[in-house]
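Since every read-out is calculated from the coordinates, none of them should be taken as a lab result. Only a predicted model underlies this, so the values are computations on that prediction, with no experimental measurement involved. All Cβ positions, glycine included, derive from the backbone under ideal geometry; neighbour counts span all protein chains shown.
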Amino acid sequence: MTPRERVLTALAHEQPDQVPKTAGFTPHLYEVFRERTGATDPYEYFRIEIRGVGFKGPKEIPDFSVYFDEPLPPNASVNEYGMANVPGGFYHFTRRLYPIKGFSSIRQLEEYPWPDFTPGYRHEHLEEAVRQLHERDLFVYGGVGHIFEIAWQMRSMERLFLDFIENQEFAEMLLDRITQDRAFMARRYAEAGVDMLLIGDDVGMQDRLMMSPQMWRKWLKPRLAKVIQAGKEVNPEVHIYYHSDGKIEEIIPDLIEVGVDILNPVQPECMDPVKLKRLYGDKLTFWGTIGTQTTMPFGTPQEVKRVVHERVRTVGKGGGLVLAPTHVLEPDVPWENVIAFFEAVEETRRYYGG
């Protein structure tokens, strides 16, 4: 099978020649990769079947400093939504500053310098980018991104949740404006011919949702549905990948209802992948399932291999599995465990007859 055929077969709930796989690297672990292998591209080195395409950035970003109560630190980075990130002292994590935290009126939202994704220079390259990757027989996704996460990173999570109760018109306008951007992106990716739309919002904690299922259904479900519909109107066959860390079992039927057919990352510390396979394996592909709170940082290489083999025998039976660590690989993941993960994936041919 070609790499793309392998992924598409798994997503069709049929058994490929081996399980597809992917992984993300933090900057520190990427440097370890370069030192250990002498290579520069982990996707090529590990023969990962999946690549992404994206919109180009804006030609310029407005001066958002006027939206913050205090001067921004010199090392702060500000994106096109005005969200500011200040590097911290722990790996790649940052402290966030919220540009519209102090807003109190709809008019302030209307006058805010929102980003514009529609100019041709931002997306007219997509068709050619997808074509080139497909010519290499790779599976291609388009990164659509978030709704809820952008909203709270602009407003602050505390203020946004208060808006859901006390300032609903404001919350509706904020979420709708972000949804408009995401829907445009989904439509353009589908027009460009991607195989999958990558959408997500972290709405789960370790043992429960961040909000009640009813609140999620009111505020986020209909907007997620609009984004998915925008892509499906162009290509009804495009796959829909939804990411949320944590325990989100209560809304899985809702995700299926609005068109999600791939669930990521399926943290085994929060949800049982075998149980989910039994309940939803005919409707969902599970993308992830290898724990980055347990197995990858703290297991031995032998334990990593054992878990990979177990997932393939159980969750991967009959397809419907793309193996991956459930988060980017952090600096505390031993290099030997990274190698063990990819070696074990190659060994899965024995289960699939590849």
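Could you go through segment 326-335 in sequence order and give the Karplus-derived ³J(HN,Hα) for each residue, using 6.51 cos²θ - 1.76 cosθ + 1.60 with θ = phi - 60°, rounded to whole Hz, and x for Gly and Pro?
Using θ = phi - 60°, the values come out as 7, 7, 4, 7, 7, x, 7, 8, x, 4 Hz.
May I ask you to list the aspartates and glutamates whose Cα is less than 14 Å away from that of Lys232, ignoring any residue fewer than eight positions away on the same chain?
List returned: Glu191, Asp195, Glu257, Asp261.
Based on Cα positions only, what radius of gyration and what Dmax would you give for segment 129-207, in angstroms?
When restricted to the Cα atoms of segment 129-207, Rg and Dmax are 16.2, 52 Å.
Apply the Karplus parameterisation 6.51 cos²θ - 1.76 cosθ + 1.60, with θ equal to phi minus 60°, to every residue of segment 120-131 and state each ³J(HN,Hα) to the nearest whole Hz, in sequence, with x for glycine and proline.
Result, ordered by residue: x, 4, 7, 9, 6, 7, 5, 4, 5, 4, 5, 4 Hz.
Run through all the Cα pairs of segment 277-354 and give the fraction in each 5 Å bin from 0, expressed as whole percent.
3, 17, 28, 23, 16, 10, 3, 0
Once every DSSP H run of n ≥ 4 in the chain is given -39500 (n - 2.57) and the sum is divided by its residues, what mean residue ellipticity at 222 nm do you get, rounded to the nearest 500 deg cm²/dmol?
-13000 deg cm²/dmol
Choose one answer from His92, His134, His309: the residue with the largest mean-square fluctuation in a GNM of the chain with alpha-carbon springs under 10 Å.
Among His92, His134, His309, the largest GNM mean-square fluctuation belongs to His92.
Return the Rg/Rh value of segment 214-354, two decimal places, where both radii are evaluated on C-alpha atoms and Rh is the Kirkwood radius.
1.01
Taking the inverse of the average 1/r across all pairs of different Cα atoms in segment 36-148, what Kirkwood radius in Å do you get? Let's see the in-between values first.
Numbers: mean 1/r = 0.0569 Å⁻¹.
In segment 36-148 this quantity evaluates to 17.6 Å.
How large is the charge dipole for the chain, taken about the Cα centre, if only the Cβ atoms of Lys, Arg (+1) and Asp, Glu (-1) carry charge, to the nearest 20 debye? Present the calculation step by step, with values, prior to reporting the outcome.
Working: 41 positive and 53 negative charges, 134 e Å.
Around 640 debye, computed over the chain.
Under the definition of Cα pairs under 8 Å and six or more residues apart, what whole-number percent is the relative contact order of the chain? Can you show the working numbers first?
Details: 607 pairs, mean separation 77.5, N = 354.
Normalised by residue count, the contact order of the chain is 22 percent.
Expressed as a fraction of 2.2 N^0.38 Å, the rule-of-thumb size for a compact globular protein of N residues, what is the C-alpha radius of gyration of segment 162-247?
Details: Rg = 14.1 Å, N = 86, 2.2 N^0.38 = 12.0 Å.
Rg over 2.2 N^0.38 Å, computed on Cα atoms: 1.18.
Which of Ile48, Ile106, Ile262 ends up with the largest GNM mean-square fluctuation for the chain, with Cα atoms connected below 10 Å?
Of the options given, Ile106 has the highest mean-square fluctuation.
Given the pairs Lys226/Lys247; Lys275/Lys317; Lys247/Lys277; Lys277/Lys317, which are separated by over 21 angstrom at their Cα positions?
Where the Cα-Cα span goes over 21 Å, the pairs concerned are Lys226/Lys247.
State the answer as a single residue: which of Val86, Leu72, Trp114 lies farthest towards the positive end of the charge dipole of segment 70-115, with beta carbon charges of +1 for Lys and Arg and -1 for Asp and Glu, about the Cα centre.
Of the options given, the answer is Val86.
Take the chain, mark every one of the trypsin sites (Lys or Arg not before Pro) that falls in a DSSP loop and has at most 13 other Cβ within 10 Å, then report the longest stretch left between them, sites excluded. Intermediate values should be presented prior to the final figure.
On the way: sites that count: Arg47, Lys56, Lys59, Arg136.
With trypsin sites (Lys or Arg not before Pro) excluded where exposed in loops, the chain gives 137-354 as its longest stretch.
Can you give me the pair-distance distribution of segment 70-115, C-alpha pairs, 10 Å bins, whole percents?
P(r) over segment 70-115, rounded to whole percents: 24, 46, 24, 6.
Name the most mobile residue of Glu257, Glu310, Glu158, meaning the one with the largest mean-square fluctuation, in a Gaussian network model of the chain with Cα contacts below 10 Å.
Taking springs between Cα atoms under 10 Å, the residue moving most is Glu158.
Give, to the nearest whole percent, the P(r) tail of the chain beyond 35 angstrom, counting all Cα pairs. Please report the intermediate quantities before stating the final value.
On the way: 15141 of 62481 pairs.
So the pairs more than 35 Å apart make up 24 percent of the total in the chain.
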